[in-house]
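*Asks:* Quick one: structure below, then a few questions.
The values are calculated or read from the model by the stated rules, or taken from the named source; none is laboratory data. Computed from a prediction, not measured in an experiment: that's the story for all the values here. Glycine also receives a Cβ, built like all others from the backbone with ideal geometry; neighbour counts cover every protein chain displayed. Quick note on the areas: whole protein, heavy atoms, side chains included, nothing else; ligands and nucleic acids left out. Shrake-Rupley method; radii C 1.70, N 1.55, O 1.52, S 1.80 Å.
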Amino acid sequence: MTMVVVTVFGFVPFASAFAAEAVDLPPQTKASSEQIEKLIGVIRENGAMSDKDLLRRRADFETLMAATPDATRVQIRRVDANGVDADLMWPARLHHPIGRRAILYLHGGGFYSGSLRTHRNIASSLAKAASADVLIIDYRLAPDYGFSAQTDDAIAAYRWLLMSGYKAGNIVIAGESVGATLAIEVVLNQLRLRGALPAAVIAMSPVTDFAATGASLVTNAASDPFMGKAELTVIRDAFARGHSAVDPDISPLYANFGGFPPLLIQVGSRETLLDDSTRLADKVEQAGGNVSLEIWPGMIHQWQIFPFWLDDARRSVARVAEFALSHFADKPAQ
């Protein structure tokens with residue numbers, strides 16, 4: 001078993017007891033701090049995290065991301081991934097309909113927002129940095145669809161990749177926020193069915209415990225502007241719809257992680273869901289898994305989807321791509 005804990009660009013105390021040694025690196029820069037505060041102001045002004053109506057939140061988030069740069073230097077093809085609308089994209093320098101390596105990217109947005117457009121920039125950044133095809137899907141959203149529609153769509157998309165000729169050893173599943181939740185659930189489902197497992201999994205700011213038992217929900221409440229118990233309750237009520245919050249199909253923290261593939265977790269030190277990541281890493285390690293945990297000082301929930309505004313988002317995406325590259329069975333030509 002392997003546990004690697006990295007506190008990127010600075011040391012931050014863990015929000016929960018954690019038997020691992022952190023790497024003390026330079027602290028968050030002034031420029032990084034200023035960029036985060038500016039982003040927080042933009043999101044607050046947009047209203048995507050404050051409207052009570054979920055459909056209004058969804059529209060606000062679309063408006064916010066519509067004002068951001070679209071994908072560049074990639075080719076994009078709309079595909080039907082086992083009944084799920086999706087975009088398959090690959091670096092423009094490569095010319096192929098289906099490549100050798102693929103990343104299944106599952107977007108966040110509280111299960112009630114997010115789309116192919118809102119996350120096209122991070123998906124394209126990963127395609128270029130990892131020299132891989134990226135499949136990003138338009139899974140069904142709450143409140144129109146609750147559990148298990150979102151998980152079913154993610155599983156269908158993974159199986160589409162396998163059916164389309166990608167070998168499991170050349171597929172990495174990644175996502176942020178509830179997209180990371182889905183990424184983990186896809187693999188847990190494959191484990192239960194003894195199906196083909198991806199080469200690795202990447203969970204950025206994952207939501208792993210809808211029962212809201214993490215201590216960081218309290219200790220980081222004042223530093224996390226967009227995620228807390230109230231927001232977690234909104235997501236759970238729209239998604240779980242009466243299912244137990246400790247059902248492993250809802251909250252992966254309560255699952256059995258024996259046999260789980262290599263896992264990279266990224267989380268911001270300001271996140272109320274910091275403990276969702278540290279406890280997940282601890283559980284995977286205890287199950288004998290290979291897990292790398294990065295705690296990014298000063299970062300907020302889902303900072304990775306803003307590489308056009310945040311230096312640390314670009315750095316985190318680069319590290320995600322490096323992790324994927326290191327686990328693909330077929331490495332790209334140098």
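*Asks:* Could you count how many residues in region 179-194 are farther than 23 Å from Ala132 by Cα and not charged (D, E, K, R)?
*Replies:* Qualifying residue count, region 179-194: 4.
*Asks:* When Ala230 is evaluated against the numbered criteria (1) touching a strand residue (DSSP E or B) at 6+ places or on another chain (Cβ under 7 Å); (2) free of Cβ contacts under 8 Å to residues at least 12 places away in the same chain; (3) of a type in the set (A, V, I, L, M, F, W, C), which criterion, by number, is the only one it fails?
*Replies:* (1)
*Asks:* Return the only residue of Trp309, Trp296, Trp303 being touching a residue at least 12 places away in the same chain (Cβ under 8 Å) and either open to solvent by 50 Å² or more (accessible area, probe 1.4 Å) or of a type in the set (Ser, Thr, Tyr) (or both). So that I can check it myself, show each step before the final result.
*Replies:* Values: Trp296 fails: either open to solvent by 50 Å² or more (accessible area, probe 1.4 Å) or of a type in the set (Ser, Thr, Tyr) (or both); Trp303 fails: either open to solvent by 50 Å² or more (accessible area, probe 1.4 Å) or of a type in the set (Ser, Thr, Tyr) (or both).
Going through Trp309, Trp296, Trp303 in turn, the sole match is Trp309.
*Asks:* Here is a further query. Suppose we filter Ile171, Ile137 for residues that are aliphatic (A, V, I, L, M), modelled with pLDDT of 95 or more and within 24 Å of Arg93 (Cβ to Cβ); which single one remains?
*Replies:* On inspection, the qualifying residue turns out to be Ile171.
*Asks:* So, one more: Hey, can you tell me all the residues within region 126-178 that are at negative phi, open to solvent by 10 Å² or more (accessible area, probe 1.4 Å), of a type in the set (Ser, Thr, Tyr) and in contact with a strand residue (DSSP E or B) (Cβ under 9 Å, 6 or more places away or on another chain)?
*Replies:* Ser164
*Asks:* Taking Ile76 and the conditions (1) in contact with an Asp or Glu (Cβ under 7 Å, 6 or more places away or on another chain); (2) of a type in the set (A, V, I, L, M); (3) open to solvent by less than 20 Å² (accessible area, probe 1.4 Å), which numbered condition does it fall short on, given that it satisfies the others?
*Replies:* (3)
*Asks:* Of Leu64, Leu88, Leu55, which residue is among the hydrophobic types (A, V, I, L, M, F, W, C), assigned to a helix (DSSP H, G or I) and closer than 24 Å to Asp153 by Cα?
*Replies:* Only one candidate passes the filter, namely Leu55.
*Asks:* Right, another one. Determine whether Ser16 is at pLDDT below 60 and either among the hydroxyl-bearing types (Ser, Thr, Tyr) or part of a helix (DSSP H, G or I) (or both). Before you say what the answer is, go through the steps one by one.
*Replies:* Values: at pLDDT below 60: yes; either among the hydroxyl-bearing types (Ser, Thr, Tyr) or part of a helix (DSSP H, G or I) (or both): yes.
Yes, satisfied.
*Asks:* Right, another one. I need every pair where a residue in region 21-36 that is modelled with pLDDT under 50 has its Cβ under 8 Å from the Cβ of a residue that is assigned to a helix (DSSP H, G or I) and open to solvent by less than 90 Å² (accessible area, probe 1.4 Å), sequence separation at least 6 or different chains.
*Replies:* none
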